[in-house]
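Encoded as structure tokens, the structure appears first; notes follow it.
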Amino acid sequence: MQPAGEEHPILDLRDLRVTYRIRKPGRFWIRKAELHAVQGVSLSLRRGRSLGLVGESGSGKSTIARAVMGLTPVRSGRLLLDGTDITAREGAARSASRHRLQMVFQNPYSSLNPMMTVHDIVAEPLRIFAPGDKGSHARRVQEMLDAVHLPRDAAQRFPHQFSGGQRQRIAIARALVLRPEVIIADEPTSALDVSIQAQIMNLLTEIRKERKLSYLVISHDLAAIRYLCDDVAVMYLGGIVEQGPTRDVFSAPRHPYTKALLSSVRTIQEVTDKGRPDRRILLKGDLPSPLSPPSGCRFHTRCWWRREIGNPQRCVDEAPLLRSDGAGAVACHFSDGSAPHANPPPAAAEAQGRAS
């Protein structure tokens, strides 16, 4: 229940679960198996805020984005948009809420139809969800192209005539044309040159403030999440291991996986200061397969805390709950500081391995 007097989130995910049925080769036949891509994820995006999802490839970030957009079926759980359940909506019922949720896809080279002009690309959502006269559509398209700072003649040109950064601006214009309330950005800068990434992040920030939008940003780029997002949730193997305000999580991570993830980002001062010890945490082993995830805490196969505590079997047998303490939430049996080390000892070879 929502507390009295408190506005409910614009987007609310409650115990979301997404499962894919795949073919898995056996010894003598092909059998069907279930891949649990998202397991019991609960997230809230407040109106006017920006929430980031981070984690390794295969952690379930993009699956959540696709589930919210109705592109991937939800096995169980609920999706609430401004308090209204949209989980099971299909056809016209789903379309009625589609204009409020729009998505910016990862690759601007593949997300735009090369056979369509920019005008037709940006106007396509209007033709589908907001039928009207061509004149009003043309004015709306030009308004969006101006909003993303594209040249006045862009509407009659084709995607191949633009750079990668300009193509992403076209994709953003298309997402804005229906006047949505929530933008889901799936790796919005990963396919762009480093010099262009900052421009797109500045544009997203500018548009969010001007139009009072809410963002759900999926990215493996921690610097982008730090810049774009008020809050952050860290995913590992289909579940949330830590969440809270971005500033708090980045400055004082409490889950060992979050510590390892953030240790991979080094500041210029750390790189140039040769007297400063290398604090990077290199996790041992690869991300386990979601087809056969570890029991108990899913991170225990790579966690150095488990090897140092007195009761490691608890991590194997018991899955930690995501517990909130007001400042954020963390899913670890030893997030209260009972683990012997906040960081792995530099000389501990067993805590070193391949980078995630």
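Summary table
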| quantity | calculated |
| --- | --- |
| From the options Gly70, Gly52, Gly60, residue that is surrounded by fewer than 19 Cβ atoms within 10 Å (Cβ to Cβ) and within 26 Å of the chain's Cα centre (by Cα) | Gly70 |
| Cβ pairs under 7 Å, 6+ apart, first in segment 19-35 and outside the structural domain of Val74 (by TED's automatic domain parsing), second aromatic (Phe, Trp, Tyr) and at pLDDT 65 or above | Leu35/Tyr20 |
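The values are calculated or read from the model by the stated rules, or taken from the named source; none is laboratory data. These figures come from a predicted structure and were not determined experimentally. When we count neighbours, we look across all protein chains shown, and the Cβ atoms used for this are built from the backbone with ideal geometry, even at glycine.
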